[in-house]
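Below you'll find the structure, written out as structure tokens, and then a few comments.
The values are calculated or read from the model by the stated rules, or taken from the named source; none is laboratory data. Please read these numbers as outputs of a predicted model, since none were measured by experiment. Virtual Cβ from ideal backbone geometry, glycine too; neighbours counted across all protein chains shown. To get the accessible areas, we keep the full protein, side chains included, count just its heavy atoms, and leave off ligands, DNA and RNA. Shrake-Rupley method; radii C 1.70, N 1.55, O 1.52, S 1.80 Å.
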Amino acid sequence: MIHGDANDHNVIVGDPRVLPRPVSGLVDFGDMHHGLLVAEPAIAAAYALLARRTRSAPAAAVVGGYHERLSLEDDEIALVFALVSARLAVSVIVSATRTRAGADDHYASVSETPAWEALERLDRVHPRFAHAVFREACGRPPLAHGPRLAAWLAKADAASVLELDLRSAKHLVVDLSIGSSFLGADPRNAETPS
């Protein structure tokens, strides 16, 4: 059994003088159902992305925290990104449906705009990258084969692709940073007024 709608609107917190405020319960059991256990942290992670500018850090923190209490399997972690995206899509669909039906309930559309923004941010995240972020949040190597690859590379006797040693050869550093005078920037523009 999962709650199915764990978000900041449905959390009851305790004494406001105690920080961080202790969670004392949840309300709104209308979405409670039997289902995949991993759907619970995915739904909470989707809500963590609302009104945030970052792409996956809040969601990764939620999934990592959930994993500390109730361990997720590799196959479950692989589903998180798709489930987060699906929850956000459901949120905007429900809001649009209620608005179209003429429902005059502000709460029904409270997450519509931030959900669209979160979906647009997630659209720029490659699913394999998101999977690696969630794996790392759960204390696993970002890439399942990463440790094996690192061990192989450590033992590999690779030949140099250059005929010189870059650590000791003469070299010229070309600064291509945003403040590079080589690119026409004036270093005086970065000075603070006295």
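Here are a few things to note about the model shown:
- The lone criterion from (1) part of a helix (DSSP H, G or I); (2) among the basic types (Lys, Arg); (3) open to solvent by less than 80 Å² (accessible area, probe 1.4 Å) left unmet by Arg148 is number (3).
- Residue match in segment 154-172 (condition: open to solvent by less than 60 Å² (accessible area, probe 1.4 Å) and in contact (Cβ under 8 Å) with a residue 60 or more places away in the chain): no
- Within segment 56-86, the set of residues being at pLDDT 85 or above and of a type in the set (Gly, Ala, Ser) comprises Ala59, Ala60, Ala61, Gly64, Gly65, Ser71, Ala78, Ala82, Ser85, Ala86.
- Within segment 117-145, the residues that satisfy the criterion of being loosely packed, with under 15 Cβ neighbours inside 10 Å, in a helix (DSSP H, G or I) and over 12 Å from the mean Cα position of the chain (by Cα) are Glu120, Arg128.
- Counting the residues of segment 72-97 that are surrounded by 15 or more Cβ atoms within 10 Å (Cβ to Cβ) and farther than 19 Å from Glu117 by Cβ gives 6.
- Output for segment 1-55, where each listed residue is at pLDDT below 75, closer than 17 Å to Trp116 by Cα and out of contact with any Phe, Trp or Tyr (no Cβ under 8 Å at 6 or more places or on another chain): Ala51, Arg52, Arg53, Thr54, Arg55
- Residue in segment 100-115 that is within 26 Å of Val38 (Cβ to Cβ), out of contact with any Ser or Thr (no Cβ under 8 Å at 6 or more places or on another chain) and part of a helix (DSSP H, G or I) present: yes
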